[in-house]
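Quick notes on the structure that follows.
The values are calculated or read from the model by the stated rules, or taken from the named source; none is laboratory data. Just so we're clear, the structure is a prediction, and the values are computed from it rather than from any experiment. Cβ placement follows ideal geometry from the backbone for every residue including glycine, while neighbour counts extend to all protein chains displayed. We work out accessible area using only protein heavy atoms, side chains counted, and drop any ligands, DNA or RNA first. Shrake-Rupley method; radii C 1.70, N 1.55, O 1.52, S 1.80 Å.
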Amino acid sequence: MGIAMSELKQKKLYIKTWGCQMNVYDSRRMSDILSPLGYTATETPEDADMVILNTCHIREKATDKVFSEIGRLRDIKEDRAAEGKKTLIAVAGCVAQAEGEFIMERAKAVDLVFGPQAYHELPEMIVKATGQRIVNTDLGVDTKFDTLPQESLNHGPAAFLSVQEGCDKFCTFCVVPYTRGAEYSRPVEQVLNEAKKLAASGAIEITLLGQNVNAYHGEGKDGKTWGLGRLIEEIAKIDEIKRIRYTTSHPVDMEEELAYAHRDIPKLMPYLHLPVQSGSNKVLKAMNRKHTAESYLETLSQFKKHRPDIAFSSDFIVGFPGETEEDFEATLACVKQVGYQSAYSFKYSARPGTPAAAMQAAIVREEIKQERLERLQAVLNEQFLAFNQRVVNTLQPVLFERKSDKSGQLQGRTPYNQLVSVPANDRLIGQIMDVKINHASPTALRGTLELLEVAE
Ligand code: 5AD
Ligand code: SF4
């Protein structure tokens, strides 16, 4: 850009991130792209020359939450203006993509609105935004990754790497195909280069991210199209990387190659997050999921056959339009058959513009949704606890990721993605150590260190 770093005025950047891991990844890349412009991170919006709200549209009232945050920021912006300081307010992510024009109209304090496929143009947008307000909700993803700067070093031992974006599935309840655009896979070389850089800067674990990560079909260096299993095999060759995970997968794209990868690649962790949403074939059809409860269960058993200790996780929606008590019981039956290690469960909420939002006649009453959610979560919680109790009194290799809120403790994860707190010295962050598990709750474990380092 021809500007020496010393000439750049140091500026502060505050990013607030909602939603999925893809958004966490995007926020980090936004801060990477702004760092050559002199922006450094701050935790307090009052200090910030630029604020980015990286939003999520999946949850109910997402837009309301964003507007209330903008209200708070508007006051800060006004206070700062009284002191002669400028503040740029940007709304990014999926709410921005879906409601860009509306945000601009309703929230005059906002300078910039851009969607998930446009943030590589941030430097240009910032320059333009000094004279005008900007909306950029372009959905062409293929140039974004080419233009982004190198990965920064500010990830912990467990890093994310986005390999696939977008979705063509059009589940009738979901906004993602509209906010993230069509499915796109990054070329293999690009992914491998980023993985090597992450490894060189201290990543021990990499989680490959994509809205439909198992639909990955990147162009390989051999001219062939590589699937996710082949990509994982190649990433596993990077010495420093000891653990590989991926999320989120769709049942329709599950291929046996990936099950073989779980069998053959020890670095690939025994954990599969595969959302089923409902156990009723009638509801699955109305959701346009393109799979049945039976085909889903068959996929899980195929994976279990190749990796018997694999842990399963899912997403569930209760109270989808038209869901009867019988349909809901089919979901419970599916849950009982699988036995989950973890899961996310939600009450259906209509997203404007999606086909399910038009299924007015079949709406399930709020009290019924609430009651079903509680029944589902009671069964799931029992399963989480049972799964976690199975590792009590065993040794588990735990990758220490960060300090816990409790002083003198570290937090890490087992291969099955269970969260573990352990009294341990900070210098063990980034190490994989054997931990004796002493206590289990539905969502976490506690353990103590065994002083042997474990090679995986
Ligand atoms: N209502 C409730 N839950 C939803 N999800 C996505 N859209 C909706 C909606 N409209 C859930 C699905 C998805 C997860 C990320 O969020 O379970 O897998
Ligand atoms: Fe949304 Fe369905 Fe695509 Fe997942 S597969 S992102 S739920 S449309």
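Looking across ALA330, ALA356, one residue alone is surrounded by 14 or more Cβ atoms within 10 Å (Cβ to Cβ), touching a residue at least 40 places away in the same chain (Cβ under 8 Å) and within 16 Å of ligand 2 (Cβ to nearest atom). It is ALA356.
GLY71 meets the conditions (1) touching a strand residue (DSSP E or B) at 6+ places or on another chain (Cβ under 9 Å); (2) more than 20 Å from LYS128 (Cα to Cα) in every case but one. The failed one is (1). A search for C-beta distances below 8 Å between a residue of region 263-284 that is assigned by TED's automatic domain parsing to the domain that holds ARG413 and under 22 Å from GLU234 (Cβ atoms) and any residue that is of a type in the set (D, E, K, R) and within 15 Å of ligand 1 (Cβ to nearest atom), counting only pairs 6+ apart in sequence or on different chains, returns nothing. From the list PHE328, PHE320, the lone residue that is under 24 Å from the mean Cα position of the chain (by Cα) and hydrophobic (A, V, I, L, M, F, W, C) is PHE320. The residue list LYS65, LYS61 contains one member that is at positive phi and under 26 Å from the mean Cα position of the chain (by Cα), which is LYS61. Kindly check whether there is at least one residue in region 401-412 that is surrounded by fewer than 17 Cβ atoms within 10 Å (Cβ to Cβ) and either aliphatic (A, V, I, L, M) or in contact with an Asp or Glu (Cβ under 8 Å, 6 or more places away or on another chain) (or both). Yes, region 401-412 has at least one match.
Yes or no, residue by residue, for (1) in contact with a His (Cβ under 7 Å, 6 or more places away or on another chain); (2) in a helix (DSSP H, G or I); (3) small (Gly, Ala, Ser):
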| position | (1), (2), (3) |
| --- | --- |
| GLY223 | no, no, yes |
| ARG230 | no, yes, no |
| ILE241 | no, no, no |
| ARG245 | no, no, no |
| SER249 | yes, no, yes |
| TYR260 | yes, yes, no |
| LEU272 | no, no, no |
| PRO275 | no, no, no |
| LYS285 | no, yes, no |
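Applying the set (1) outside any helix (DSSP H, G or I); (2) open to solvent by less than 30 Å² (accessible area, probe 1.4 Å); (3) in contact with a strand residue (DSSP E or B) (Cβ under 9 Å, 6 or more places away or on another chain) to HIS57 leaves exactly one unmet item: (3). Residues in region 108-118 that are open to solvent by 10 Å² or more (accessible area, probe 1.4 Å) and touching a helix residue (DSSP H, G or I) at 6+ places or on another chain (Cβ under 6 Å): ALA109, ASP111.
Looking at LYS336, LYS304, LYS267, LYS369, just one residue is within 12 Å of ligand 1 (Cβ to nearest atom) and at pLDDT 95 or above, and that residue is LYS369. Could you list, in sequence order, all residues of region 339-353 that are surrounded by fewer than 21 Cβ atoms within 10 Å (Cβ to Cβ) and over 21 Å from ILE58 (Cβ atoms)? Of everything in region 339-353, just one residue is surrounded by fewer than 21 Cβ atoms within 10 Å (Cβ to Cβ) and over 21 Å from ILE58 (Cβ atoms), namely GLY339.
Pairing each residue of region 185-208 that is closer than 18 Å to THR247 by Cβ and not assigned by TED's automatic domain parsing to the domain that holds HIS155 with any residue that is of a type in the set (A, V, I, L, M) and surrounded by 16 or more Cβ atoms within 10 Å (Cβ to Cβ), provided the two are 6+ apart or on different chains, yields no C-beta distance under 6 Å. Does PHE328 count as over 16 Å from LEU297 (Cα atoms) and away from ligand 1 (no atom under 14 Å from the Cβ)? Answer is yes for this residue. Taken together, the residues in region 162-182 that are within 16 Å of ligand 1 (Cβ to nearest atom) and part of a loop (DSSP other than H, G, I, E, B) amount to 11.
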